[in-house]
Amino acid sequence: MEGVDYLSDERQKAQFDVEAMKVAWAGSLQALQLSNRMANLVANDPAFEKFTRPMMGRKELLKNTLRKAAHGWKLIVDLRLTEEAKWLRLYIDEPAYTDLHWGMFIPAIEGQGTEEQKKKWLPLAQKMQIIGCYAQTELGHGSNVQGLETTATFDPQTDEFVIHSPTLTSSKWWPGGLGKVSTHAVVYARLIVGGEFHGVHGFIVQLRSLDDHSPLAGITVGDIGLKFGNGAYNTMDNGVLRFDHVRIPRNQMLMRVTQVTKEGKIMQSNVPRQLIYGTMVYVRQTIVADASKALSRAVCIATRYSAVRRQFGSRDGGPETQVIDYKTQQSRLFPLLASAYAFRFVGLKSITTTATADGIEECRKLCGGHGYLVSSGLPELFAVYIPACTYEGDNVVLLLQVARFLVKTVSELGYKKPVGTTAYMGRVASLMQNNCAVQTAEGWLNPGAIVEAFEARAARMAVRCGRQLAEFENPEEGFAELSADLVEAAVAHCQLIVVSKFIEKLQQDIPGKGVKQTLEMLCYVYALFLLHKHQGDFLATGYLTPKQASLANDQLRTLYSKVRPNAIALVDSFNYTDHYLGSILGRYDGNVYPKLYEAAWKDPLNDSDVVDGFHEYVQPILKQKLRTAKL
Amino acid sequence: MKVAWAGSPEAFEVCDRMAKLVANDPVFEKFSKPMLGRKELFKNTLRKAAHAWKLFNDLHLTEEEAKWLRHYIDEPNYTDLHWEMFVPALEGQCTEEQKKKWLPLAKTMQIIGTYAQTELGHGSNVQGLETTATFDRQTEEFVIHSPTLTSSKWWPGGLAKVATHAIVYARLIIDGHFHGVNGFIVQIRSLEDHSPLPGITVGDIGMKFGHGTYNTMDNGVAKFDHVRIPRDQMLMRVSQVTKEGKYVKSNVPRQVGYATMVSVRQTIVADASKALSRAVCIATRYSAVRRQFGSRNGGPETQVIDYKTQQNRLFPLLASAFAFRFASNWLKSLYTDLKQRLQVNDFSTLPEAHACTAGLKSLTTAATAEGIEECRKLCGGHGYLISSGLPELFAFYVPACTYEGENVVMLLQVARFLVKTVSDLGNKQPVGTAAYLGRVAPLTQKNCVVQTAEDWLNPGAIVEAFEARAARMAASCCQRLAEYKSPEEGFAELSADLVEASLAHCQVIVVSTFIRRLQQDIPGKGVKQALEVLCYVYALFLLHKHQGDFLATGYLTPKQASLANDQLRTLYSKVRPNAIALVDSFNHTDHYLSSVLGCYDGNVYPKLYEAAMKDPLNDSDIPDGIRQYVQPILKQKLHSAKL
């Protein structure tokens, strides 16, 4: 059966140049070649096989991940990979301690260490003579960094800091790589000098012996247990860590921004404080990139399987209808396809992660019952992705930050001209007065009309929140009371950003036959889908009439028919290997059913016809001898 | 309130007793479940099932009690299929003679059965099944056969490793003619040594979403290679095949099958309320324990349940759990009524009852699946831990959106019913849950009269708003359908909008059922008042969420929609002091909840810490793999290491 392509008819329907679209998706020809090379390197290396992962017990699973990480590092060294290393880790597609080492530990030292500190620690870390993680969150404390309880008390006698966990809730909790692998951690703790609190700072703390890997004196460290999904993040040793008066030299506080002198004096350098948050921003950008990757994987699987799967609609005993031809399927699937492209070109954590998590689950449902099988790849993809909604800033907390910024912008309009993504607020008067002028469904195929609609809705919602807030005597109380509405206004603002950036992107030159036109279509799908989904906002703010909203919906339906012939080619453009997708339903060749059948037999339960436990626990029932059976 | 939730003092007593029986029996321990490998997990489940069956016999439990016992064991296994699908199918589709032969065997579990309908390539569309049952007049047998790979039976629970028998649905073929899809009793495994019978290939279909969840069930695949069964093993209540190979239909109306479907879907709605109540209970308790931000002068941080953004996501789900509970209770009475009517060949309410149960199945399961995941997010990062109970609850629950009628397929059936009802209005008065469509003219003309936020605290105003929105959406769909030459083409093209109209209709049913429930007497201090608050929360939350519909149909002005939202905010403050007591009213044991975050005493953090230490990785400080795969890196000796 190898060599078949059940989707070749679908591929021939495409109205654009797939190779050129691959370049547009990758960002550049070089990026495409690079990622292609790394993806194939991983896919063709049996060391990175991942099908059996969900069937492993926890210990075996971690061991397997450690092996892959070692093999990956060996490849990086042997093949002298530089920039490619990041891609290699991505395609290995398995959360591991190295993510934290390279993605958090090293950037934290780079961003927050002094030159001297960098000189000492970075070479060790970059050669992996030490392995580090990033220990910020605690058992009782997540998003609120100021609420952390771990203390770092300066002892001028010995010129050391004493790192201590004063309560159970102060135990560090969640850091990846901490549980079993890391030798070092950047630990965030409340700095106490002379009995006074001087803010939360990072400290480099050695956790384990470099000789025998055992935890150092005063340190209790372990794994925090199983997480969502079978493989998913269970390949990562997220950890718990407690300190019992652990001493570290003074020069292991990250001192680029704030210094503690030998004498116990606090000094601030003129480096902006925001640098402390640099590491977090770095991570957030990575998350955004991941959002488009994760969503595109799910969409690729659901789209291909929707073309393979047939249901109902048989005429005269002929084949049933491909489910991708149903409007109900299209109206759920194509907006997600468009969203994947939108998030690829634009990224904003708070709305892209939520939409991606919801989108992966929606793709799973779009695959019908078989999407529930681990071999579909979707349950694992969902389980591995969803923490993105909470780690590095809970989404609602982030949206409330956006809302604060919006309200402030609105209230200062009189004397301060808004810039960047809020520039449209400067035109608030006209956005409040002028309503939508669209009169036909075709009228919606107009970037200007779309951007204005999203601007007007966002501006009106922000202004309305501003007015309601003014009715409260205490602004903080008002902010708390109206927070649900403020979140909605923030979402409206974020959607505007994504829509208008997508439109801006399309004003650039994009080479390749039909590529730009196809992307334009997706851009309209994305915008009009959001408009329909949130039509309540557009109508409530009075910008649209019900008739205009309905025209937008009519246009959306028409657009779905235009996406349809291009659907398979659009997901092929992601250029994913079958290894990376990790899904039988999403196979490139569409040869789904024989492969599903084959995969089933690999389950451990199928090792024998009569399963372990049958003789003890089922046969006595059948033979009516349960009474005397030993259970 | 516990009684109001359970339905009656008697129901409360039975549930409470069975829940405690399970919780206090160490055999039913479930904490370690997610850490077991598949084989070990399955063996553990077989043990629990045997123990439960023993309890059933020893304690002489009634069938009702047994059902609750299985429920609180809280682990899908083959007995679910045996008792809830195989036995009912025998009861509903067998002739008297067949029942006499098979039911005693099944009820004493001398045989264990399952229900084999779906195939590898075929789900919702029963008419598309490929398995064949060809009558052989010579031997008076049916030959059951899987002609293609895609015709392999796929998914039936209990099929892979346990069931000795299955009801297999197959295309009946006599003399080369196709006579529809029928059910056949097929023996799968030897009653001696349990090995699969000749011609039968049977196995497990592999891992499913989650750790424990449905992996405790042996969902199976089966292929038949010309397997022969005697003629009297076709389920013959509705249609028979005679010795001579004549296909005869009895005078039992085919519609009797629908009653079973209504009953099954009623159970699904009840299960939705249970699953959602578990998730909400966990999220509510932990929201009261967890603190974040808002510390004043170094004092404790604010309980997250006090944040409006938390209330705004959590309280509507709390209200939904109650709404679905009352909807399922009401569906039970609808089923009883329907069964009585069908017995006297009264089919007049059947389409309405069918549409209503299909719609509520879709609405409640979709909202519950989303609600569980929302509750997980409401618990912050810790919700991602298996010990929070929420990942497993979600993974366990989500198939409900697909099985027993895929949710979108269900809503499209509702849409067909709505379109038909509206187009027949001239000559047929709609009944039951569709009765309001008979008032489509006034509902289309008169708009909402609410003028203040307080005006929304009026059941009449709320019901009318939901009715007007649904009626207008249905009417608008009909008008647009009329523009198409081919009605089928129009239906296909507009299906996404039709689904929205169906959902609006289903929401009318849930909202008005909740309101009607509150018109009855509900004993207990403050119970009715607290439920009224929840009812308003449920309705106004939906109204805000779907305000686009209410505004687009012109029934509400933006001002009125905004007043509803103001009222909703006020209501959240009224729910707040009662939140913990409301989730306590579900009367869930800690065993049933199986969540460290949701434990009754709120002692979350020490328990989380304790649970973490039980992970197999913590058996030693240096787990297997460090010496082979990490130390060579640290010591810079990777080159000579054996990977």
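For this structure, a couple of remarks:
- When residues of the stretch B:164-193 are limited to those that are under 33 Å from the mean Cα position of the chain (by Cα) and β-branched (Val, Ile, Thr), the one surrounded by the most Cβ atoms within 10 Å (Cβ to Cβ): B:168
- Checking A:229, A:179, A:202 one by one, the residue that is within 29 Å of the chain's Cα centre (by Cα) and more than 14 Å from chain B (Cβ to nearest Cβ) is A:202 and no other.
- The listed residue being among the polar types (S, T, N, Q), closer than 23 Å to residue B:322 by Cα and part of a helix (DSSP H, G or I), out of B:364, B:421: B:364
- The stretch A:601-631, subset in contact with a Leu (Cβ under 8 Å, 6 or more places away or on another chain) and closer than 20 Å to residue B:28 by Cα, residue surrounded by the fewest Cβ atoms within 10 Å (Cβ to Cβ): A:616
- Hits in the stretch B:243-253 (condition: part of a loop (DSSP other than H, G, I, E, B) and surrounded by 13 or more Cβ atoms within 10 Å (Cβ to Cβ)): B:245, B:252, B:253
- Considering residues of the stretch A:46-97 that are charged (D, E, K, R) and touching a Ser or Thr at 6+ places or on another chain (Cβ under 7 Å) only, the residue nearest to residue B:206 (Cα to Cα): A:94
- Residue A:545 being touching a Pro at 6+ places or on another chain (Cβ under 9 Å) and within 10 Å of chain B (Cβ to nearest Cβ): no
- The residues of the stretch B:5-56 that are over 30 Å from residue A:58 (Cα atoms) and either touching a Lys or Arg at 6+ places or on another chain (Cβ under 8 Å) or assigned by TED's automatic domain parsing to the domain that holds residue B:273 (or both), listed by number, are B:5, B:12, B:54.
- Residues that are outside any strand (DSSP E or B) and among the β-branched types (Val, Ile, Thr) within the stretch A:170-190 comprise A:181, A:183, listed in sequence order.
- Test: residue B:512 is in a helix (DSSP H, G or I), surrounded by fewer than 21 Cβ atoms within 10 Å (Cβ to Cβ), among the polar types (S, T, N, Q) and within 10 Å of chain A (Cβ to nearest Cβ): no
- Residue selection: residue A:515 satisfies the criterion of being farther than 29 Å from residue B:500 by Cα, buried (at least 18 other Cβ atoms within 10 Å of the Cβ) and more than 11 Å from every other protein chain (Cβ to nearest Cβ).
- Helices (runs of 4 or more DSSP H) within the stretch A:551-631 that include 3 or more residues touching a residue at least 60 places away in the same chain (Cβ under 8 Å) and within 30 Å of residue A:527 (Cα to Cα): A:567-572
- Inclusion of residue B:191 among residues that are more than 10 Å from chain A (Cβ to nearest Cβ) and either in a loop (DSSP other than H, G, I, E, B) or more than 19 Å from residue B:86 (Cβ to Cβ) (or both) is not warranted.
- With a requirement of 3 or more residues that are of a type outside the set (Asp, Glu) and more than 30 Å from residue B:51 (Cβ to Cβ), the strands (runs of 3 or more DSSP E) lying completely within the stretch B:100-185 that satisfy it span B:132-136, B:141-145, B:165-174.
- Taken together, A:70, A:85 contain a single residue that is surrounded by 17 or more Cβ atoms within 10 Å (Cβ to Cβ), more than 20 Å from residue A:578 (Cβ to Cβ), under 23 Å from the mean Cα position of the chain (by Cα) and hydrophobic (A, V, I, L, M, F, W, C), which is A:85.
- Helices (runs of 4 or more DSSP H) fully within the stretch A:56-147 counting 1 or more residues that are touching a residue at least 24 places away in the same chain (Cβ under 8 Å) and within 12 Å of chain B (Cβ to nearest Cβ): A:58-78, A:97-100, A:115-126
- Helices (runs of 4 or more DSSP H) lying entirely in the stretch A:338-438 (those with 2 or more residues that are crowded, with 21+ Cβ neighbours inside 10 Å and more than 13 Å from every other protein chain (Cβ to nearest Cβ)): A:349-366, A:395-411
- Search result, residues across the stretch A:16-48 that are assigned to a loop (DSSP other than H, G, I, E, B) and out of contact with any Gly (no Cβ under 7 Å at 6 or more places or on another chain): A:27, A:28, A:44, A:45
- When the stretch A:126-145 is limited to residues that are surrounded by 21 or more Cβ atoms within 10 Å (Cβ to Cβ) and of a type in the set (Gly, Ala, Ser), the one that is nearest to the chain's Cα centre (by Cα) turns out to be A:142.
- Checklist (1) under 13 Å from residue A:180 (Cα atoms); (2) in contact (Cβ under 8 Å) with a residue 24 or more places away in the chain; (3) crowded, with 18+ Cβ neighbours inside 10 Å; (4) not hydrophobic (A, V, I, L, M, F, W, C) applied to residue A:225, failing item: (2)
- The helices (runs of 4 or more DSSP H) found wholly in the stretch A:443-532 include none carrying at least 1 residues that are in contact with a strand residue (DSSP E or B) (Cβ under 6 Å, 6 or more places away or on another chain), among the aliphatic types (A, V, I, L, M) and over 30 Å from residue A:17 (Cα atoms).
- For the stretch B:319-334, filtered to residues that are more than 17 Å from the chain's Cα centre (by Cα) and either surrounded by 19 or more Cβ atoms within 10 Å (Cβ to Cβ) or outside any helix (DSSP H, G or I) (or both), the residue that is modelled with the lowest pLDDT is B:334.
- Scanning the stretch B:16-28 turns up one or more residues that are surrounded by fewer than 18 Cβ atoms within 10 Å (Cβ to Cβ), in contact with a His (Cβ under 8 Å, 6 or more places away or on another chain), in a helix (DSSP H, G or I) and within 11 Å of chain A (Cβ to nearest Cβ).
- Taking helices (runs of 4 or more DSSP H) as the structural unit, those lying wholly within the stretch B:552-643 and holding at least 2 residues that are in contact (Cβ under 8 Å) with a residue 60 or more places away in the chain and facing chain A (nearest Cβ under 7 Å) correspond to B:604-613.
- Matching entry among A:36, A:44 (being of a type outside the set (Gly, Ala, Ser) and either buried (at least 19 other Cβ atoms within 10 Å of the Cβ) or under 22 Å from the mean Cα position of the chain (by Cα) (or both)): A:36
- Residue A:13 at pLDDT below 95 and among the basic types (Lys, Arg): no
- Qualifying position, being more than 13 Å from chain B (Cβ to nearest Cβ), β-branched (Val, Ile, Thr) and buried (at least 20 other Cβ atoms within 10 Å of the Cβ), among A:568, A:584: A:568
The values are calculated or read from the model by the stated rules, or taken from the named source; none is laboratory data. This one's a predicted model, so the numbers in the text were calculated from it and none came from an experiment. Note: ideal-geometry Cβ built from the backbone for every residue, glycine included; neighbour counts use all protein chains shown.
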